[in-house]
1. Would you list, by chain and number, the lysines whose Cα falls below 26 Å from the Cα of Lys349, excluding same-chain residues fewer than 8 positions away?
2. What is the pair-distance distribution P(r) of region 106-271, computed from all Cα-Cα distances in 5 Å bins starting at 0, with each bin given as a whole percent?
3. What part of the accessible area of region 283-411, given as a whole %, is carbon or sulfur when the probe is 1.4 angstrom?
4. Within the set of other residues whose C-beta is less than 13 Å from the C-beta of Tyr436, count the net charge using Lys and Arg as +1 and Asp and Glu as -1.
5. Whenever you get a sec, compute what percent of the accessible area on region 78-137 sits on carbon and sulfur atoms (1.4 Å probe).
6. Grab the alpha carbons of region 265-313, take their convex hull, and tell me the volume per residue in Å³.
7. Can you work out the accessible area per residue across the chain, with the rest of the protein chains kept in place, probe 1.4 Å, in square angstrom?
8. Can you give the FRET efficiency for Tyr530 and Ala176, using 1/(1 + (r/R0)^6), R0 = 25 Å, r = Cβ-Cβ distance, to the nearest 0.05?
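The values are calculated or read from the model by the stated rules, or taken from the named source; none is laboratory data. This is a predicted model, so every value here is computed, not measured. Here the Cβ is made from the backbone with ideal geometry for all residues, glycine too, and neighbour counts use every protein chain on show. Accessible surface areas use protein heavy atoms only, side chains included; no ligands, DNA or RNA. Shrake-Rupley method; radii C 1.70, N 1.55, O 1.52, S 1.80 Å.
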Amino acid sequence: MEKAWSAMEAHAEAAQGRRIEALFEAPDRAAMFSLQACGMLFDYSKTALNGAALGILVDLASATGVEAQRDAMFAADKINTTEDRAVLHTALRNLDARIDVDGQDIMPEIRETLSRMQGFVKDVRSGAFKGQGGPITDVVNIGIGGSDLGPVMANIALTPYCNGPRVHFISNVDGADATDTLRGLDPATTLVIVASKTFTTIETMTNAETVRLWMAESVADPAVQFVALSSRPDRTAAFGIPEARTFGFGDFVGGRYSVWGPIGLSLMLAVGPEDFDEFLAGGAEMDAHFRAAPLADNLPILLALVGVWHHQGMGYPTRAVLPYEQRLLRLPAYLQQLEMESNGKRVTKAGAALPRETGPVVWGEPGTNGQHAFYQLLHQGTQVVPCEFLVGRVGHEPELAHHHLLLQANCLAQSEALMVGRSLETAREIASSLGYEGNELETQAAQRVFAGNRPSTTLIYERLDPRTLGRIVALYEHRVFVEGAILGINSFDQWGVELGKELATALGPVLSGEDDGHNKDGSTRMLANYLRGAG
Ligand code: F6P
């Protein structure tokens, strides 16, 4: 396996000075370094990958046992070794399967929960289920991390399909979030969803209490308008939410992978059960492709290999996700959790320190807005940031087709500009046409040079409908899985967020003044004292 890594690293070293544009002298490059599958076109030809490097990357995937690890995930092996859990978010969207965990078929319960969700959603949307002031007009989802980001991202993405109650989200423990979200809502017609796998997350439980008090000021029995989504029914019952309005899921569904099941209830309420089914079908389609397609023709595997090439191979520390689709506004934030919580690890599954980088920093914003914010650095900064563009072939606003054309033109123009750049010669011509001469011309021209040779990929999907969104989300899930599998890490735990939670609990008394903070370092003590007005 180390041999395969060394081979990849040697190829990346050799590619450092390679001009991407020159690779297009091979006339079939675009066709060779792109793939069409699951209603999408993935173009990775604007990278420094050549045929040999691609072959080496595919060998790396083989040598690290990606296929066997993938099959182990789908076979319900307990691949989340630190928590001794299977990883089966895919079971939520492959409803005809039979999957045994600890000798028991988990599918009947998944199907039963889905059917209960569908029944409840139909009742809410038809008005058969009422709040204490009449039919439900608004839904507030209280959750954080995976219990928030997936539902928010998907609700915004599928805005044209939202024809149910309005959906709102409260995640931050900052009281501003609850205050601003609840402003203008009628408690008597609002349904509150408390979404928390563990049902102990301090932000969610604090917000849930606050919203319950807000509701109690106006309605006789707030509990009637509360729903719980959790894998801990004992705790939801203790909070006062009855079993009939609790939708559970197994511990084999990780928080950041949970939008496909009960945590997606807010989405189902907004778009209806049929479109939610479409979303699941899109995810299942990507699963089938991921399981069956050969490595070199497999979308999630190619995305992962390009990621490994750029981060571990070429040494680029971050990657930008740039959807040219305003409704994918929250996709970068969603992917930040998916990728950075999954692969931001420092040891292998066996606990050995990793000899190379793990997950890159993932960031981004929709285009074209980002163009007028941070693209300057992408084009002319000294850091190379591989860019991952996404754009729909067809928009949702046929009457505004000229907008969509401009959007697409901007998307393609950016990847072209990143690769091609602008030479000093051209920059001089520009400076000269502006009237500059001599030294001043040189100074002005230097500012207008674009080095180019900056890699990017482009994913084109048909139209951002529920099925397409399902395909996209599952594609990224599997990409993250493959990158983790190649690195040999456990992508399914998140111990790195525990320490901060523990320390926050301990700092409560320091901030309130009950504890003088003598155990704390000087900086933390000073900050705490200043915050409580004592320093
Ligand atoms: O941030 C850690 C984490 O455990 C995430 O993995 C998870 O999505 C989030 O907290 C929320 O957890 P829960 O759904 O249990 O409230």
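1. By straight Cα distance, Lys349 reaches Lys3, Lys78, Lys197, Lys501.
2. Going out from 0 Å in 5 Å bins, region 106-271 shows 2, 9, 20, 24, 24, 15, 5, 1, 0 percent.
3. 57 percent
4. It works out to a net charge of -2.
5. The value for region 78-137 is 45 percent carbon and sulfur by accessible area.
6. 98 Å³
7. Result: 43 Å² of accessible area for each residue.
8. Details: r = 21 Å, r/R0 = 0.83.
The value I calculate is 0.75.
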